[in-house]
Every structure is written in C-alpha cells, then in structure tokens.
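J.: I have a structure I would like to understand better, so I am pasting it below and will then ask my questions one at a time.
No lab work stands behind these numbers, since they all come straight from the coordinates. Computed from a predicted structure; not experimentally measured. Cβ sites come from the backbone with ideal geometry, for glycine too, and all protein chains shown count toward neighbours.
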Amino acid sequence: MSAEVTAGTGTYLALDDGRPAVRFHRVYDHPVDRLWRFVTDPGELAAWFPSRVEIEPRPGGTVRFSGDPNMPESTGRVLAVDPPRHLSFAWGGDELRFDLEALDAGRARFTLTDVLAEPNTAARNGAGWEVCLAALDLAVRGERSEGPHSGGITAWKEIYDVYVEAGFPSGAPVPGVD
C-alpha cells in the first residue's frame, strides 16, 4: 500500500509495521475521563459499538462480544490498557485501538484504529465504523439512538459504496448479507 486513502471520515493506511488499517478521528467537548467510559463501560458501549462488550481492563484480560445480530458470540483479549488514554484489544482477526488525547478546555480527541487482518475488509469495516461512530456522536451529545444496528443495511451500503469508489480495498463477505 503506497498512500493513504480517505473517504467519509475514515482513512485507509499502512501502519509503521506495514499492517493495513482504517482510522477515524473525532473531537468531543468532553474530558478524556468521560470519553474513557464510552470505550470501557458496557452500558456506554451499548449505545454505539456493534456488539455488547464486557472488558476485563488489564493486559491479557478477556473481552466478551455478544448481541450483534450478524455475528456469533465471541471472545477476544485485551492487548494493552493505559487508563484513560489507550485501550486495544483483539476482535476476531482484527486489533481495535482506542486512543484518547486531552485537548483544551475539557475537550478531547478520540481516535479509533481498526488494524485489519485482511486488506479486503477495509471498505466493509470502514463503512461499519462510520455507522457506529455516528451513533457514538449522538451518545456523546446526550441524544438517544437505537444503536448502530437501527439504520439497517441501507445506510451502511451507501457508505460502503463511497469507500469502494474512493479506493478502499473491498470484496470481503458482509455478515448478515453474504
């Protein structure tokens, strides 16, 4: 992969070690410790993450995923944790990284990096994270959302098409569709 490709709010890139990833940034009007709860508290995660998640917040800790209508229940493990700035865990073959950075006046930058097991999942996963992060945006503002699965496949498909057109690698099977 030679260059970064951006579509929507996501960027497809190669990490320093060469692994493919999709990355998203958001800036929120909340301090880091508040955003930390959005990535570690099961009740907060339920508003935006594609699965119900229970995390043992320690390196090597178990992460349990359930409730995604398109995926079976599964487990992963915590790879690194540095409260309230960093959490990474294995999910399927991917590695999810959440980085939080304090800015000014109670604001913080939220970065989600999905390190991909296979490059051809970039468009599929990128579109999925766009849907999930739209639900997070609502939750952070205190607005009610039915969660990332409430929009149905149509919203995801439109975003997916934009990602494919922009040049994100594609072709991976889509859970719940293929």
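J.: Anyone know which of VAL140, VAL78, VAL27 comes out most mobile in the 10 Å Cα GNM of the chain?
T.: Looking only at VAL140, VAL78, VAL27, the largest GNM fluctuation is found for VAL27.
J.: For Cα pairs less than 8 Å apart in space and 6+ apart in sequence, what is the mean separation divided by the residue count of segment 62-160, i.e. the relative contact order in percent?
T.: This gives 14 percent for segment 62-160.
J.: Out of LEU100, LEU15, LEU116, any idea which swings most in a Gaussian network model of the chain, alpha carbons joined below 10 Å?
T.: LEU15
J.: Kirkwood hydrodynamic radius, computed over distinct alpha-carbon pairs, for the chain: how many Å, to one decimal?
T.: 16.4
J.: Still on this model: Calculated from DSSP H runs of 4 or more alone, at -39500 (n - 2.57) each and per residue, what is the 222 nm mean residue ellipticity of the chain, nearest 500?
T.: Computed mean residue ellipticity for the chain: -8000 deg cm²/dmol.
J.: Tell me, what ³J(HN,Hα) does each residue in segment 4-12 have, in order and in whole Hz, if you take phi through Karplus 6.51 cos²θ - 1.76 cosθ + 1.60 with θ = phi - 60° and put x for Gly and Pro?
T.: 6, 10, 10, 8, x, 10, x, 10, 9
J.: Follow-up. List every DSSP H helix in the chain whose Cα atoms extend 15 Å or more along the helix's own long axis and whose mean Kyte-Doolittle hydropathy is at least 1.6.
T.: Once both thresholds are applied, nothing remains.
J.: Work out from phi, with θ = phi - 60° and the Karplus expression 6.51 cos²θ - 1.76 cosθ + 1.60, the ³J(HN,Hα) of each residue of segment 89-100, listed in order in whole Hz, and give x for Gly and Pro.
T.: So the Karplus estimates, Gly and Pro as x, are 8, 8, 9, x, x, 8, 10, 9, 10, 10, 10, 10 Hz.
J.: I've got another one for you. Within the chain, what's the longest stretch lacking GluC sites (Glu not before Pro) that sit in DSSP loops with no more than 16 other Cβ atoms inside 10 Å?
T.: It works out to 74-142.
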